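Asker: First, the structure itself, so that you have it in front of you.
The values are calculated or read from the model by the stated rules, or taken from the named source; none is laboratory data. These figures come from a predicted structure and were not determined experimentally. Ideal geometry is used to build each Cβ from the backbone, glycine not excepted, and the neighbour counts take in all protein chains shown. For accessibility, only protein heavy atoms count, side chains too; no ligands or nucleic acids. Shrake-Rupley method; radii C 1.70, N 1.55, O 1.52, S 1.80 Å.
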Amino acid sequence: MVIIMRIEQLEYTVEIAKTGSITLAAESLKISQPSLSQAISSLEEELGIKIFKRSKIGTHLTEHGKEIVIKAQEVLNKMNELIETANLQQSLIAGRLSIASAPSICQSILPKALISFKKKYPSIELEIMEGDSPKIIKHVMDEKVDIGILAEFSNYGESNKYLLYEKIFKNKIMACVGKHSPFANKTSISLNEIFQNPVICTSKALINFLNKYGQPNYLFKSSNLEGAKNIITHGIATGFYTEASLKIDPYVSSGQIIPLEITDAGMNEVSYSLIQLKTNQSIASKEFKKEIKDQAIIFKRLYGL
């Protein structure tokens with residue numbers, strides 16, 4: 001027989017034993033008397049024994065009940081020890097953690113990872129900055145930041161013997177056009193079509209990559225992702241963003257920007273990777289890396305990526 005009991009049932013049992021009254025226990029626990037009685041009855045039924053004898057003068061433990069209360073208190077004590085140990089571990093992880101990130105991941109996974117991490121480790125002071133891959137790698141190498149998050153079309157930096165290099169996930173690059181663009185009724189687009197019209201680029205890595213395929217007609221180059229989107233909505237240029245960031249983008253959800261798949265092989269995917277000096281691995285940085293990997297898994301499952 002499988003017995004499934006809840007921690008609150010043990011707490012209820014111990015409180016009734018202390019007060020000798022279901023009414024007083026319910027007041028102390030701030031729950032209704034019927035809910036408390038039902039919880040205890042369910043526990044007694046699961047265990048197959050009577051824990052309490054109920055009478056007009058109060059609620060008293062049976063002989064079996066006395067043993068149950070002792071064991072229940074032991075379990076609750078261990079639970080409190082576990083919570084205290086976890087709280088102690090959190091308090092030990094303190095200080096400052098600095099992160100340099102590619103802008104595109106700042107629009108998808110990174111915010112959720114930062115919020116979740118801060119809740120777990122409130123004593124850590126977080127510092128976030130954005131940059132392209134060369135700048136991020138330099139900051140990590142110079143120990144100006146603890147962790148770098150790269151967005152790249154090739155394994156740039158992976159061969160650096162001083163760096164620990166961990167891939168998080170891969171994501172599609174989408175061509176984005178405005179709803180008034182001549183391409184707005186399409187679902188996919190080629191680089192040849194893209195190069196026939198003005199292009200907005202927000203990444204040096206992307207500019208270098210596009211230049212390998214031809215001579216784009218750059219309307220302008222800027223690191224301002226939101227400003228570029230505003231231009232795209234007018235239908236006068238094509239921009240490039242990751243599929244992950246577009247899943248929660250208000251311009252896309254409102255229909256002002258239309259994401260198109262890029263048909264050319266090699267141009268339609270970007271890899272996100274964590275980098276860190278092999279000699280600079282604190283407990284805080286290890287916990288953050290675990291957090292962002294977990295958030296990447298959750299995000300991919302949530303949006304079917």
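Asker: For segment 154-215, which trypsin sites (Lys or Arg not before Pro) are both in a DSSP coil and crowded by at most 11 other Cβ atoms within 10 Å?
Answerer: Passing sites in segment 154-215 are LYS161, LYS212.
Asker: For helix 109-120, report the angle its Cα long axis makes with the longest principal axis of the Cα atoms of the chain; keep it between 0 and 90° and round to the nearest 10°.
Answerer: Orientation of helix 109-120: about 30 degrees from the principal axis.
Asker: Compute the projected area of the convex hull of the Cα atoms of segment 164-204, averaged over all viewing directions, and report it in nm² to one decimal place.
Answerer: Result: 4.6 nm².
Asker: Given C-alpha coordinates of segment 1-60, what is the ratio Rg to Rh with the Kirkwood estimate of Rh? If you can, show how the numbers build up before the last one.
Answerer: Working: Rg = 11.0 Å, Rh = 11.6 Å.
Value, to two decimals: 0.95.
Asker: Expressed as an acute angle from 0 to 90° and rounded to the nearest 10, what is the orientation of the C-alpha long axis of helix 63-92 relative to the principal long axis of the chain?
Answerer: 30 degrees
Asker: Here is a further query. Between the helical axis of 7-19 and the dominant principal axis of the chain, each derived from Cα atoms, what acute angle in degrees is found, rounded to the nearest 10?
Answerer: Value to nearest ten degrees: 30.
Asker: Okay, moving on. Given a cut-off of 20 Å, what percent of all Cα-Cα pairs of segment 230-305 lie beyond it? Before the final figure, lay out each step's value.
Answerer: Working: 1472 of 2850 pairs.
Beyond 20 Å sits 52 percent of the P(r) for segment 230-305.
Asker: Which net charge results for the neighbourhood of ALA244, defined as the other residues with beta-carbon distances under 13 angstrom from its beta-carbon, given Lys and Arg at +1 and Asp and Glu at -1?
Answerer: Value of the local net charge: +3.
Asker: If you don't mind, another one. Checking the table LYS112/LYS204; LYS18/LYS119; LYS186/LYS212; LYS247/LYS289; LYS78/LYS144; LYS118/LYS278 against a 31 Å threshold on Cα-Cα, which pairs fail?
Answerer: LYS18/LYS119; LYS78/LYS144
Asker: Helix-derived [θ] at 222 nm for the chain: sum -39500 (n - 2.57) over DSSP H runs of at least 4, divide by residue count, nearest 500? Don't skip to the answer; put the middle values down first.
Answerer: Details: 12 runs with 137 residues, N = 305.
Estimated from H runs of four or more residues: -13500 deg cm²/dmol.
Asker: What is the antiparallel percent of DSSP beta bridges lying wholly in the chain, to the nearest 5?
Answerer: On the way: 27 of 44 bridges.
That works out to approximately 60 percent antiparallel.
Asker: Within 10 Å of each candidate Cβ there may be at most 16 other Cβ atoms; applying that plus a DSSP loop requirement, which trypsin sites (Lys or Arg not before Pro) in segment 234-293 survive? Please report the intermediate quantities before stating the final value.
Answerer: On the way: sites: LYS247, LYS278, LYS286, LYS289, LYS290, LYS293; in loops: LYS247, LYS278.
Filter output for segment 234-293: LYS278.
Asker: Explain nothing, just compute: Karplus ³J(HN,Hα) = 6.51 cos²θ - 1.76 cosθ + 1.60, θ = phi - 60°, for every residue of segment 203-212 in order, whole Hz, x for Gly and Pro.
Answerer: Computed from phi, the couplings for segment 203-212 are 8, 5, 4, 5, 4, 4, 5, 4, 5, 6 Hz.
Asker: Taking all protein chains in place and a 1.4 Å probe, what share, in percent, of the accessible surface of the chain do carbon and sulfur account for?
Answerer: 53 percent
Asker: Right, next: Counting Lys and Arg as +1 and Asp and Glu as -1, what is the net charge of the other residues whose Cβ lies under 10 Å from the Cβ of GLY65?
Answerer: Details: positive: LYS50, LYS53, LYS66; negative: GLU44, GLU63, GLU67.
Combined, the nearby Lys, Arg, Asp and Glu give 0.
Asker: Sticking with this structure for a sec: Filter the chymotrypsin sites (Phe, Trp or Tyr not before Pro) in segment 155-222 to those in DSSP coil with at most 13 other Cβ atoms within 10 Å of their Cβ, and list the result.
Answerer: Details: sites: TYR156, TYR162, TYR165, PHE169, PHE183, PHE195, PHE209, TYR213, TYR218, PHE220; in loops: TYR156, TYR162, PHE183, TYR213.
Taking segment 155-222 and a limit of 13 other Cβ atoms within 10 Å, the loop chymotrypsin sites (Phe, Trp or Tyr not before Pro) found are TYR162.
Asker: Within a Cβ distance under 15 Å of GLY227, other residues only, what is the Lys/Arg minus Asp/Glu net charge?
Answerer: Combined, the nearby Lys, Arg, Asp and Glu give -1.
Asker: Using the heavy atoms of the protein chains alone and a 1.4 angstrom probe, what is the accessible area of segment 197-246 per residue in square angstrom?
Answerer: Value for segment 197-246: 45 Å² per residue.
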